[in-house]
Amino acid sequence: MTFVQGRWQCLYELARTPVDTPRRFYLAGLTLVILGLVQAWFTDILWWATIAAPGLGVICIGFLHDAWTRTKALWASSTAHMVAGVLIGAVITMPCYLFAHHAVNRITGLSPESFPFSVTLLAIGYGPLVVTIASTVLLGIYSAWQLLMLAWHAVHLLLRTWVSVLLTGDPPLVEKDAMLFHFARTAAAFILLLGFAALVDVHERAEAMLERLRTEAVVHADYYSRSPCHNIAAGARVAFLKEGRISVATRDAQGWRFGIARCE
């Protein structure tokens, strides 16, 4: 009876123990990848992609969960709020407004200071692109760091093995979890890096369409359809500048055309 109670208590404590979610995802994903490789050996390479692709996805989910857990732990610190604010301002906000300023100047040929609404609107539009580029760079740095850590662990294990075999004749214990985590995190970071790089490439391919959308945003945000100027053609839109000057946006078959005039 005591033995049964002891076994039940062990099972109860095991059930209460939190599961290491990233480790579970990493193990499941790597298992699927290995199964895909074995399956491809006997059948076709397409089966490897069919089985391994979900495994790589599971590894990426584990990596994102791991990153989210670590981010929440860091966010508990008051210093982290200040650091995060500085990083967001320097890495996200400033590049967004820099891109927006150049876009307004490229579209209108004028200083962006005269188009505050357009600058803000375009800065918001550039947000996903800047976040994607920043994530790509961050994942590239992280992948390189993980590769260095993998190399360090491999060299360290080799040296420990030589020393242990020479002194005791027995090989040392292998830190399987450390190697597993570094390998899985490297694979996940590299896969996500490729995904973000593909998104940046999609953005570059759609640049012509996005430029037309930005032009429409500038025209409808800071150019007005009515003005007291009598020398403006019907259908043209006007943005008021300093010293009585105006910027006139006129639509033609190729899109909007911009020019400078005086309000008369």
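Worth a mention:
- Phi-based couplings in Hz for segment 252-258 (Karplus 6.51, -1.76, 1.60; Gly and Pro marked x): 9, 5, 8, x, 8, 10, 10
- Each Lys or Arg adds one and each Asp or Glu subtracts one; over the other residues with Cβ under 13 Å from the Cβ of Gly244, this totals +1.
- Fewest-first sequence of Asp201, Asp252 by Cβ atoms within 10 Å of each Cβ: Asp252, Asp201
- Computed log₁₀ I(q)/I(0) - Debye formula, equal Cα scatterers, no solvent, segment 81-137, q 0.15, 0.21, 0.27, 0.31 Å⁻¹: -0.45, -0.75, -1.00, -1.15
- Here segment 130-159 and segment 173-240 have alpha carbon centers that stand 27 Å from each other.
- Over segment 185-251: Kirkwood hydrodynamic radius from C-alpha pairwise inverse distances, Å: 15.2 Å
No lab work stands behind these numbers, since they all come straight from the coordinates. These numbers come from a predicted model, not from an experiment. Using ideal geometry, Cβ is built from the backbone for each residue, glycine included, and neighbour counts are taken over all protein chains shown.
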